[in-house]
Structures are given as structure tokens and as C-alpha cells.
Amino acid sequence: MLPRLLKAQIDQRLRDFPAVAIVGLRQAGKTTLAKTFSPLYFDLEQEKDRVRMDLRWESLMSGDQLIILDEAQAWPEVFSRLRGAIDQERARRGRFLLLGSVSPALMREVSESLAGRIAVVDLSPLISPELPATSQDALWHFGGFPDGGVLQTQVTSFPVWQDYYLKQMAQRDLPHWGLTAKPAETERLLKLTAALNGCSLNYSQLGQALGISYHTVQSYLDYLEGAFLIRRLQPFFANNFPKRLTKAPKLYWRDSGLLHALMGCAADSDLTVQPWIGASWASWVIEQIISTRQATGEKFQAWYFRTNDGLECDLVMESGQEREIIEIKLASGPDSANFRKLEKIAHLVGATRQVMLTRVRDEDTVMTGNRWSANISTYLAHFAARVP
């Protein structure tokens, strides 16, 4: 098994809390990672596992092994039982590891039954620091799902695996989790959102394209976001700002392999000839940054920045006393015009660091002072190195 960057954070949370929940996309590797902590595993989507756990409940609660409960939101009654077991021995840590692939349902149960008793961590599919630098382009092209092609020497699963995954989402998982759209409508929504990757969201226009209302399309996107398929990145906002700021969120697909499958790419497609390549690259880099820094346990806020007169940068990251602005370009190196733009934005938002991310060679990176020029691998290695 590939080492996952999140493992150290889970170890620490298990030392601090009675329960930990790992949430993220189906097939991202949650179960594989969880089983490295304990062999005591129950899939709560399966009736036989629910019965097996029910029959063994007393002995399980008196034992000292970590108990893994997969797709915990599928059996809501388990949360009150967990709360009772935890409250009987509040000093015990590391008793339960819950896994879930739909955030709203799981978080509702967590907030109602396990508040103060559980820590929640987000596992993405494979990310840049978990793979060799030579695999970065494959990770971008095929996405981070372990079975989606990124680990294959001769790629045979892409895009068949991704197409099947999305069809299962539209026909089974999303309706099961409460999405009321018909599968054909959901599949159309997935394609439309892929075409809008990297764009500011206009809910009314998207609703008109689907023949549904503004509020319905917002609800549908809530389900896609809750299933970890998309990310809506909010715009930077500050009171009394000297310029008018964009207020609409930007939509990004979280896994680039799913995005590329929706855009009709094949395993041997040349991404460089696609008109949407810049948006694909930027969305992939943004997801790598957010997922990597989350996996290290860093607490931060992330926005994009855009004024109504067109001054913009891809990412604003605020962590502690640091505020970092990041521009992402699919180019072989930085240019002075981009840094001049970042200088203007840094002055407006009070940034402590300006970062240009390109495909610059490792030996030409500069990561000192308050102006950095790096590629995605060297940039992320700086944060991954903080993991013990």
C-alpha cells in the first residue's frame, strides 16, 4: 500500500479523541487506510455486518481493539449507541474509526450525537506528495483514484473506470443519499459542471440549461459537493475594500480524472491541445494544495481573488498570521508581468507571501523570502515535510 500523508494526522486524532471519522470520495482509499489501524472492520451498508456487530456489541465495547465502521451514515441508529459507549468511559481514546462517503448525512449525525467526542478528517484520492515526481502528469491526466489508472504502467482502466464510477454515482449513490434528480438529469448536470470547471457560478444560467429553478440547481450542487465531487471556492471578501470584489463562487471538479472523463478524454489524449487545459491545470493544482495542506493537519482558509475590473489570482490562503496569494500558470516558468500583478494584489489584501506556480525546473525554484517561484511538487514538499 502507498503511504498516505493523512495517516499521521489520524494517529494523532486517535490519541486525542474517542472516535475519528474519515470522510471522502468513494474508492479514494478510506477502507484500505483504515485497515492499517485495525482488522476489526464492519461495513454498515451490509445487513450481515450490522447483524454481526449487533450480536457482538457487548464484547466489542469491553474489548480494547479499535473498531472500524464503514459507511456509518447508512445505519443512523449506531450513533446513539456510540455516544452511550463513549460516555460510559470518556477517558478512553481511539475506540472507533468511522468512514463515510457522503458528508451531509454523516456530519448531521456527528453533530447531533457525537459532538465533542469525534474528530473529522478528509481523505482525498491520491495526491502529489504520495507519488513520485515522475507520476505528476499521470496524476493530473488520470486523477488520484488508486484503480483509475494513475498506478498502471500501461493504462487500461481510464476512462472506463471513471465512466462507470460516474454512472454509479448518478444511478445509485446520489439518489440513495437523497438527490431527487433522475439519473439522466444528474448525468447531464455532471457534464455541464465539467464544462464550467474553473468558472464563476451563475446558478440561474445553469438552472436554465437544465430546465430547473435557481434554488433546485443550488440544491443539486449541494449534493455533488457533499459527495466530494466538486468544490465551490468562495471569493475573497473584506469590508471597506478599495475595489469592488466578485461575489460568485468558482466551481472546481475535485478529481481531474473524473473531469477529463466527462470532457471526453482517452488515455492517450493530448491534454495540451484542449481549449480548457488551463482551467484543468489550475483546478488540479488548487485541489493538490488544499488536500495536501489539509492532510498535514494545517488549519487554513482558502479563497480566490477577483475584482470587478478583472484583477485576479487563483488562490488566497490564510494560515495563522500568514496570508499567501498564489497564481497558477501552465508554463515552463514565471514571467515578470505575473509578479507585477501579484504585487498589486498583495498590497490590496495584505499578503505576506506571493507565489508563482509553474512547471519550472526543480533547480530553478526559489522558495525564500516573500516571493516564491516553484513547481507544484517542490511547493507541496515544503508542507508535506512538516508531517512527522
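From G29, G24, grab the single residue that is modelled with pLDDT under 95, closer than 25 Å to R231 by Cα and buried (at least 20 other Cβ atoms within 10 Å of the Cβ).
Only one candidate qualifies: G24.
All conditions but one from (1) touching a Ser or Thr at 6+ places or on another chain (Cβ under 9 Å); (2) assigned to a loop (DSSP other than H, G, I, E, B); (3) touching a residue at least 12 places away in the same chain (Cβ under 8 Å); (4) among the hydroxyl-bearing types (S, T, Y) apply to T180; the one that does not is (3).
Yes or no, residue by residue, for (1) more than 18 Å from M169 (Cα to Cα); (2) part of a helix (DSSP H, G or I); (3) of a type in the set (F, W, Y):
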{"site": "L192", "(1), (2), (3)": "no, yes, no"}
{"site": "L206", "(1), (2), (3)": "yes, yes, no"}
{"site": "H215", "(1), (2), (3)": "yes, yes, no"}
{"site": "L224", "(1), (2), (3)": "no, yes, no"}
{"site": "L251", "(1), (2), (3)": "yes, no, no"}
{"site": "L259", "(1), (2), (3)": "no, yes, no"}
{"site": "T272", "(1), (2), (3)": "yes, yes, no"}
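Based on this model, can you work out whether V121 counts as in contact with a Leu (Cβ under 7 Å, 6 or more places away or on another chain) and within 30 Å of Q288 (Cβ to Cβ)? Yes; evaluated as a whole, the condition is true for this residue. Taken as a whole, the condition of being modelled with pLDDT of 95 or more and closer than 20 Å to G24 by Cα does not apply to S103.
Just for strands (runs of 3 or more DSSP E) wholly inside the stretch 286-380: which have at least 2 residues that are among the polar types (S, T, N, Q)?
Passing ranges: none, list empty.
Among the residues of the stretch 1-59, those identified as in contact with a Lys or Arg (Cβ under 9 Å, 6 or more places away or on another chain), part of a strand (DSSP E or B) and in contact (Cβ under 8 Å) with a residue 40 or more places away in the chain are A19, V20, I22, V23. Total residues in the stretch 226-243 satisfying the condition of being assigned to a helix (DSSP H, G or I) and modelled with pLDDT of 95 or more: the figure is 0.
Applying the set (1) farther than 14 Å from Y252 by Cα; (2) crowded, with 18+ Cβ neighbours inside 10 Å to G198 leaves exactly one unmet item: (1).
Across the stretch 111-147, the number of residues qualifying as hydroxyl-bearing (S, T, Y), in a helix (DSSP H, G or I) and touching a residue at least 40 places away in the same chain (Cβ under 8 Å) comes to 1.
To keep it simple, each residue is scored yes or no on (1) in the same structural domain as G278 (by TED's automatic domain parsing); (2) modelled with pLDDT of 95 or more; (3) of a type outside the set (S, T, N, Q); (4) in contact with a strand residue (DSSP E or B) (Cβ under 6 Å, 6 or more places away or on another chain).
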| position | (1), (2), (3), (4) |
| --- | --- |
| D309 | yes, no, yes, no |
| L315 | yes, yes, yes, yes |
| E324 | yes, yes, yes, yes |
| E327 | yes, yes, yes, yes |
| E363 | yes, yes, yes, no |
| V366 | yes, yes, yes, yes |
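What do you reckon, is G94 closer than 20 Å to S283 by Cα and touching a residue at least 60 places away in the same chain (Cβ under 8 Å)? It is false that G94 is closer than 20 Å to S283 by Cα and touching a residue at least 60 places away in the same chain (Cβ under 8 Å).
The values are calculated or read from the model by the stated rules, or taken from the named source; none is laboratory data. All values derive from a computational prediction rather than experimental measurement. Glycine gets a Cβ as well: all are built from the backbone with ideal geometry, and neighbour counts include every protein chain shown.
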